[in-house]
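Below you'll find the structure, written out as structure tokens, and then a few comments.
Just so it is clear, none of the values below were taken in a lab; they were calculated from the coordinates. Computed from a predicted structure; not experimentally measured. We place every Cβ from the backbone using ideal geometry, glycine too, and count neighbours over all the protein chains shown.
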Amino acid sequence: MLRALTFDYWDTLYEGGALPERVALRRTAVGALLGAYGRALPDEQLRALYEESGREAERWWSEQQRGYRTDERLRWILERAAVTPRDRCEHLAAAADAVDNALLMLPPAMLAGAWQMLRSLSRQFTLAIISDTGFASGRAQDRLLQKDAARGFFAATIYSMDVGHAKPRPEIFAAAVETLAVPPSEILHIGDNERTDVRGALAAGFRAVRLDVVRHGGPSEAEFVARSYEELTEYLRAQRTGERP
């Protein structure tokens, strides 16, 4: 019996691209942080440092499957700029808030049809989010859901920054199992990434569906590949009785 559905966030429910204007706001916040510690940098150096921190954060995610926090990336930037924050944490907190606020000031769009799909499925299943966070925090992602009147569809939101591990590591899936109090075999995870979403979910004992609404990912180990929210909804309704294809 299928009791719960967990959803990836980026490129599954929301556009996952890095908006240049949002990046500029965050780079400005990093510049203000460095300036607060007396280490203001010329624009070109600031840009280079910011981009280097992005490459390092990508390595944390892709190679180490690490669920890093916003302040960890900010501290890495300070260290590279030869700044020791000591106990002046208010500057770090202000910069972290600015990074989060950039997501709400220039919000990514919820993908067309996602809201209607969530409303329909929430009437039949318990829903949750299992998402890797980027520079912005899980709190910011929750606020984006609230802005779009979608947070109420989810019984829980599980973010890598809170768990300390990113998909496909088992810890983030185990956190969902514990929070939902549903056996892994009765949870189906839906996401766009074959490595993190499909293989990670299957290794954790979940069922998995890949959702190819943003891009087509080639062959899949998932039990089904949906190319639209309508296909996904129809497939999951058929699973409500526990029948497998």
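Only DSSP H runs of four or more residues enter the estimate; each adds -39500 (n - 2.57), and after division by the residues of the chain the mean residue ellipticity at 222 nm equals -14000 deg cm²/dmol. Among 96, 204, 109, the largest mean-square fluctuation in a Gaussian network model of the chain (Cα springs under 10 Å) belongs to 109. Relative contact order of the stretch 20-105: 41 percent, from C-alpha pairs under 8 Å at least 6 residues apart in sequence. For the stretch 150-163, backbone phi angles converted through the Karplus equation (6.51, -1.76, 1.60; θ = phi - 60°) give residue-by-residue couplings of 10, 4, x, 6, 10, 6, 7, 10, 10, 10, 4, 5, 7, 7 Hz, Gly and Pro being listed as x.
From least to most packed, judged by other beta carbons within 10 angstrom and beginning with the fewest, 117, 110 follow the order 110, 117. Our note on the geometry: Cα centres of the stretch 116-144 and the stretch 193-210, 17 Å apart. Expressed in Å, the radius of gyration and Dmax of the Cα atoms of the stretch 20-105 are 12.3, 34. Normalising the average separation of contacting C-alpha pairs (under 8 angstrom, six or more residues apart) by the number of residues puts the relative contact order of the stretch 142-245 at 17 percent. Look at the dipole of the stretch 161-219 built from charges on Cβ: of 170, 189, 209, the Cα furthest out on the positive end belongs to 209. For residue 157, the residues whose amide H sits under 5 Å from its own are 129, ignoring neighbours fewer than 5 places away on the same chain, with H placed 1.01 Å from N. Among 154-161, 180-187, the peptide with the highest mean count of other Cβ atoms within 10 Å heads the list, and the full ranking is 154-161, 180-187.
Scanning residues 5 or more positions from residue 133 or on other chains, those with amide H under 5 Å from its amide H are 160, 161, with H placed 1.01 Å from N in the peptide plane.
In order along the stretch 183-196, the phi-based Karplus estimate (6.51 cos²θ - 1.76 cosθ + 1.60, θ = phi - 60°) of 3J(HN,Hα) comes to x, x, 5, 9, 10, 10, 9, 10, x, 9, 9, 5, 5, 7 Hz; Gly and Pro are listed as x. Placing unit charges on the Cβ atoms only, positive for Lys and Arg and negative for Asp and Glu, gives the stretch 25-108 a dipole magnitude near 80 debye about its Cα centre.
Taking amide H positions as modeled 1.01 Å from N, with prolines and chain starts lacking one, the residues under 5 Å from residue 208 and 5 or more places away or on another chain are 189, 223. Could you tell me which label, among (1) 56, 39, 35; (2) 63, 32, 30; (3) 51, 42, 35, carries the value of Cα extents along the principal axes in Å calculated for this structure? Answer label, from the structure shown: (2).
Neighbour counts of C-beta atoms inside 10 Å place 167, 147 in the sequence 147, 167, starting with the fewest. What you get for the chain, charging only the Cβ of Lys and Arg (+1) and of Asp and Glu (-1), is a dipole of about 280 debye around the Cα centre. Computed from Cα atoms, the angle from the helix 20-36 axis to the main principal axis of the chain rounds to 40 degrees. When the Gaussian network model of the chain links Cα atoms closer than 10 Å, the mean-square fluctuations of 45, 65, 141 top out at 45. Using θ = phi - 60° in the Karplus curve 6.51 cos²θ - 1.76 cosθ + 1.60, the 3J(HN,Hα) couplings for the stretch 89-106 round to 6, 5, 5, 5, 5, 5, 5, 5, 4, 5, 4, 5, 5, 4, 5, 8, 6, 10 Hz; x is entered for Gly and Pro. The value of relative contact order for the chain, using C-alpha pairs under 8 Å at least six residues apart, is 26 percent.
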